[in-house]
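*Asks:* Quick one: the structure is below, and I'll ask about it shortly.
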Amino acid sequence: MRKSVDEQFEIIKLGAVEIVPEDELKRKLAKSERENRPLRIKLGIDPTAPDIHLGFAVPLRKMRQLQDLGHEVVLIVGDFTASIGDPSGKSETRPMLSAEQIRANAETFTAQFWIILDRSKTTLTFNGDWLGKMTFGDVVTETSRVTVARILERDDFQKRLAEERPIGLHELMYPIAQALDSVEVRADVEIGGTDQKFNILMGRDLQESHGQEAQVGLFMPLLPGLDGVQKMSKSLGNYIGITESPKDMFGKAMSIPDEVMPAYFELAAGMQATEVETIVRGIESGQIHPMDAKKRLASEITRIYHGEEAAQSAREEFERVFSQREIPTEMPEVSIPSDQFRDGRIWIVRLLTAAEMAKSNGEARRLVEQGGVTIDGERISDVNAEMEIRDGQILRAGKLRFARLRISG
RNA sequence: GGUGGGAUUCCCGAGUGGCCAAAGGGAGCAGACUGUAAAUCUGUUGCGGAACGCUUCGGAGGUUCGAAUCCUCCUCCCACCA
């Protein structure tokens, strides 16, 4: 049975930072119920990198909630806008991606949507379909609706101006392009991270000047990246991809700083605020060990994307390798060509580069000198060591990199 | 179009003829410690089987015994004026 307007509103509001404006959303919900017409919920994503990460999963999961409430989800893959590059939070112009790159990314992307969203209730669109067909005249008409001062209000642009960094003219077009998407799909609500505020509000302006009802902006919090400081983003590489292996997902989650745990519990694990509160208090009072809390968090995240069993074994594996300092159950095998050997021995530095554990001899030397290299648990500290290797021995560099050695050729 | 400022290693940024493979910070990597791939502390971060050598400071030339540093041209960026 359909939920009441107030119930829906409360569900939608859950976890959101801001709804602009709230009463308009209520009105839209009421109208939707009256007319028995689902709201059109828009979410855009630019395929600038091949993976969807936990940060983007936040608005996606919100989309899913709306879907479950019976609303219509319109996903816009920004194949066109990706070529501009969203200036949001960027202090630099983004390199424009090639068409092939974008297409390739879009493909892996769309496949990943259905991990979270219900495919049967989703409209998938590509904004190149309309933005790419506009004539220069169309563009001039649209840009005439917006003033330069209005665009330059954006804090990213302000900051760049203040820092005397370049701003490409095309970048000023980005908010307009995104806003035109809203016009095109006649969005009732657009979901985005708080960094999308400007773009989404621009959508409201343009819709109105096109004689449409303005969309409501639904802003979700940004998930901090693995560094705990910057937002999780593809370009910063501080992310957990939703298709990563259980082991990596768990491990990466364990590597976040303690301070951002609450944010992860709420945003990445989808835990209720009150429940998070209980954990935070438990940690503060010393009743819950921070590490246990983090293991729980990592398990929960892994479970969402890989299921209970995988989460459990990822946890066991983690404890085996890091808490008990044992070797992992699985590790890559590397084959070392036998022509690398001289008199049955191989120089340790060569072994490391051959196993691709170091990019250069210098790096390999450093690893050895710093005591990070072991073979079958035995530390190798002599840079000049000539090793006699047996098939199946385990080479380890640092805490994380393991390989089983195979001699080939 | 005019005037002035700028481009340095993964990023930021110091360096204005040799003491510069280039300070400092960030980030990464390693070690110690532990509570985890948290935090903290220490070390380390161009390439080469490395005593020594080789390639790097937007690009191309040039001056000099010697250039990131000086000169010429070029490319790109910023500010102000128009």
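*Asks:* Could you give every pair whose Cβ atoms fall below 7 Å, whose first residue belongs to segment A:206-222 and is at pLDDT 95 or above, and whose second residue is hydroxyl-bearing (Ser, Thr, Tyr) and open to solvent by 10 Å² or more (accessible area, probe 1.4 Å), counting only separations of at least 6 or pairs across chains?
*Replies:* Every condition considered, the pairs that remain are A:Phe219/A:Thr194.
*Asks:* Residues that are assigned to a loop (DSSP other than H, G, I, E, B), touching a Pro at 6+ places or on another chain (Cβ under 8 Å) and farther than 24 Å from A:Gly251 by Cα: does segment A:398-409 have at least one?
*Replies:* Within segment A:398-409 (the criterion being assigned to a loop (DSSP other than H, G, I, E, B), touching a Pro at 6+ places or on another chain (Cβ under 8 Å) and farther than 24 Å from A:Gly251 by Cα), the answer is yes, since at least one residue qualifies.
*Asks:* Now a separate question. Any idea which residue in segment A:370-383 is surrounded by the fewest Cβ atoms within 10 Å (Cβ to Cβ), counting only those that are more than 8 Å from RNA strand B (Cβ to nearest atom) and not β-branched (Val, Ile, Thr)?
*Replies:* A:Glu378
*Asks:* So, one more: Of all residues in segment A:151-180 being within 22 Å of A:Pro221 (Cα to Cα) and crowded, with 22+ Cβ neighbours inside 10 Å, which is farthest from the chain's Cα centre (by Cα)?
*Replies:* Among residues in segment A:151-180 that are within 22 Å of A:Pro221 (Cα to Cα) and crowded, with 22+ Cβ neighbours inside 10 Å, the one farthest from the chain's Cα centre (by Cα) is A:Ala179.
*Asks:* Within segment A:309-328, does at least one residue satisfy the condition of being at pLDDT below 95, among the aliphatic types (A, V, I, L, M) and touching a strand residue (DSSP E or B) at 6+ places or on another chain (Cβ under 9 Å)?
*Replies:* yes
*Asks:* Could we say that A:Arg350 is of a type outside the set (Gly, Ala, Ser) and either within 8 Å of RNA strand B (Cβ to nearest atom) or at pLDDT 95 or above (or both) here?
*Replies:* It is true that A:Arg350 is of a type outside the set (Gly, Ala, Ser) and either within 8 Å of RNA strand B (Cβ to nearest atom) or at pLDDT 95 or above (or both).
*Asks:* Another question, then. Hey, could you check segment A:309-338 for residues that are part of a helix (DSSP H, G or I) and of a type in the set (Ser, Thr, Tyr) and say which is nearest to RNA strand B (Cβ to nearest atom)?
*Replies:* Restricting to residues being part of a helix (DSSP H, G or I) and of a type in the set (Ser, Thr, Tyr), the top hit is A:Ser323.
*Asks:* Against the definition (open to solvent by 60 Å² or more (accessible area, probe 1.4 Å), within 22 Å of A:Lys197 (Cβ to Cβ), hydrophobic (A, V, I, L, M, F, W, C) and at pLDDT 85 or above), how does A:Phe56 come out, yes or no?
*Replies:* Judged against the criteria, A:Phe56 is not a match.
*Asks:* Within segment A:214-246, take every residue that is open to solvent by 20 Å² or more (accessible area, probe 1.4 Å) and of a type in the set (A, V, I, L, M, F, W, C) and give me the one that is farthest from A:Leu54 (Cα to Cα).
*Replies:* Per the criteria, the residue is A:Val229.
*Asks:* Could you check segment A:384-397 and list, in sequence order, the residues that are part of a strand (DSSP E or B), under 12 Å from A:Trp347 (Cα atoms) and within 11 Å of RNA strand B (Cβ to nearest atom)?
*Replies:* A:Glu386, A:Met387
*Asks:* I would also like to ask the following. What pairs come up if the first residue lies in segment A:285-309 and is farther than 17 Å from A:Lys252 by Cα, the second is buried (at least 17 other Cβ atoms within 10 Å of the Cβ) and among the hydrophobic types (A, V, I, L, M, F, W, C), and their beta carbons are under 9 Å apart, counting only those six or more places apart or on different chains?
*Replies:* Hits for this filter: A:Ile288/A:Ile279; A:His289/A:Ile283.
*Asks:* Additional query: When you scan segment A:192-213, how many residues do you find that are open to solvent by less than 50 Å² (accessible area, probe 1.4 Å) and assigned to a loop (DSSP other than H, G, I, E, B)?
*Replies:* 1
*Asks:* Of the conditions (1) under 30 Å from A:Gly307 (Cβ atoms); (2) in contact (Cβ under 8 Å) with a residue 40 or more places away in the chain; (3) more than 16 Å from RNA strand B (Cβ to nearest atom); (4) part of a helix (DSSP H, G or I), A:Gly270 clears all except one; give me its number.
*Replies:* Only one criterion in (1) under 30 Å from A:Gly307 (Cβ atoms); (2) in contact (Cβ under 8 Å) with a residue 40 or more places away in the chain; (3) more than 16 Å from RNA strand B (Cβ to nearest atom); (4) part of a helix (DSSP H, G or I) is unmet by A:Gly270, namely (4).
*Asks:* Taking only pairs six or more apart or across chains, which ones have beta-carbon atoms under 8 Å, a first residue in segment A:113-125 that is within 18 Å of A:Val185 (Cβ to Cβ), and a second residue that is of a type outside the set (A, V, I, L, M) and assigned to a strand (DSSP E or B)?
*Replies:* Qualifying pairs under 8 Å: A:Phe113/A:Thr122; A:Lys121/A:Glu72; A:Thr123/A:Glu72.
*Asks:* Considering only segment A:300-317, state which residues are of a type in the set (Gly, Ala, Ser) and buried (at least 20 other Cβ atoms within 10 Å of the Cβ).
*Replies:* Scanning segment A:300-317 gives A:Ala311, A:Ala314.
*Asks:* Also: Looking at A:Arg281, A:Arg342, which is the one that is within 11 Å of RNA strand B (Cβ to nearest atom) and open to solvent by 80 Å² or more (accessible area, probe 1.4 Å)?
*Replies:* When all the criteria are applied, what remains is A:Arg342.
*Asks:* Between A:Met249, A:Met261, which is near RNA strand B (Cβ under 10 Å from one of its atoms) and in contact with a His (Cβ under 9 Å, 6 or more places away or on another chain)?
*Replies:* When all the criteria are applied, what remains is A:Met249.
*Asks:* Can you give me the number of residues within segment A:140-171 that are more than 12 Å from RNA strand B (Cβ to nearest atom), among the hydrophobic types (A, V, I, L, M, F, W, C) and in contact (Cβ under 8 Å) with a residue 12 or more places away in the chain?
*Replies:* Number of matching residues: 3.
The values are calculated or read from the model by the stated rules, or taken from the named source; none is laboratory data. Quantities reported herein were computed from a predicted structural model and do not represent experimental measurements. Every residue, glycine as well, gets a Cβ built from its backbone with ideal geometry; the counts of neighbours run over all protein chains shown. Surface areas here come from the heavy atoms of the whole protein model, side chains and all, with no ligands, DNA or RNA. Shrake-Rupley method; radii C 1.70, N 1.55, O 1.52, S 1.80 Å.
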